[in-house]
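What follows is a short report on a single structure.
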Ligand code: URA
Ligand code: SF4
């Protein structure tokens with residue numbers, strides 16, 4: 001029998017990820033990903049932004065409405081708040097590669113032609129998109145990963161990950177065969193939704209400050225730091 005299955009039914013980005021090439025090759029290939037059904041309704045793939053290598057990799061959940069339109073991660077309200085928090089924590093945006101666990105915007109509409117409302121990606125979709133995150137990690141080779149919220153945490157550390165239990169601490173975990181350092185924190189959108197917004201914002205800045213200290217202890221830049229592998 002001839003298979004009529006669409007590639008997205010397999011629910012994995014794996015066949016779309018090129019075996020070699022740097023960020024540019026990955027970004028080009030990701031633009032055509034049909035590894036899960038989320039590409040169907042979204043405008044475009046929103047791949048990570050920044051250069052490789054980068055000292056720190058920030059991982060969010062998925063693009064929002066603005067990101068979906070502009071094709072860049074964290075350019076909407078959550079991104080503006082994140083930029084402010086990074087600056088306050090002393091993390092240099094030039095050191096950061098910014099990406100999302102899921103590369104397509106998932107949304108619902110209350111009514112046709114009405115505003116698009118963000119919908120959290122399922123674990124299945126997050127897992128499907130995982131090969132892109134793994135490929136980014138392999139080329140960006142960050143000294144530190146900052147997990148912005150539960151989806152990012154589950155994508156890299158498994159479904160038992162809890163933000164509340166780990167935020168603001170430095171974790172050492174093996175991910176895809178490599179020992180990685182991670183600092184989990186809340187998602188900037190959670191700060192925007194919080195009742196005590198100022199308190200939530202302070203918490204985010206404090207957690208990012210932990211990340212900034214780790215990088216500070218590591219020295220100026222890993223490419224030029226002598227004696228580090
Ligand atoms: N929220 C995210 O997790 N990522 C974005 O890029 C924007 C909002
Ligand atoms: Fe591919 Fe990820 Fe988009 Fe799904 S969400 S189609 S796996 S890029």
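No lab work stands behind these numbers, since they all come straight from the coordinates. On a predicted model such as this, the values are computed, not experimentally measured, just so you know. Note that we place each Cβ from the backbone using ideal geometry, even for glycine, and neighbour counts take in every protein chain shown.
The table that follows gives values for the structure above.
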{"item": "Percent of alpha-carbon pairs separated by more than 16 Å within segment 60-164", "result": "62 percent"}
{"item": "With Cα atoms, 0 to 90° folded angle of helix 77-89 axis to the chain main axis", "result": "20 degrees"}
{"item": "Residue 213 paired with residue 192, simple spin-label distance in nm, labels 7 Å along Cα-to-beta-carbon", "result": "3.0 nm"}
{"item": "Fraction of antiparallel bridges per DSSP, the chain only, in percent to nearest 5", "result": "40 percent"}
{"item": "Packing-based ranking, highest mean first, of 83-95, 40-52, 147-159 given that Cβ atoms within 10 Å are counted", "result": "147-159, 40-52, 83-95"}
{"item": "Euclidean distance of C-alpha centroids, segment 87-101 and segment 109-154, integer Å", "result": "17 Å"}
{"item": "R0 of 30 Å, Cβ-Cβ distance residue 165-residue 83: FRET efficiency to nearest 0.05", "result": "0.65"}
{"item": "Relative frequency of Cα-Cα separations exceeding 20 Å in segment 1-102, percent", "result": "45 percent"}
{"item": "Spin-label model distance (nm) - residue 115 vs residue 24, 7 Å beyond Cα toward Cβ", "result": "4.0 nm"}
{"item": "The chain, helix-only ellipticity at 222 nm - DSSP H runs n ≥ 4, -39,500 (n - 2.57), divided by all residues, nearest 500", "result": "-11000 deg cm²/dmol"}
{"item": "Radius of gyration and maximum dimension Dmax of segment 10-62, Cα, Å", "result": "12.0, 34"}
{"item": "Kirkwood Rh, Cα atoms: Rg over Rh of the chain", "result": "0.97"}
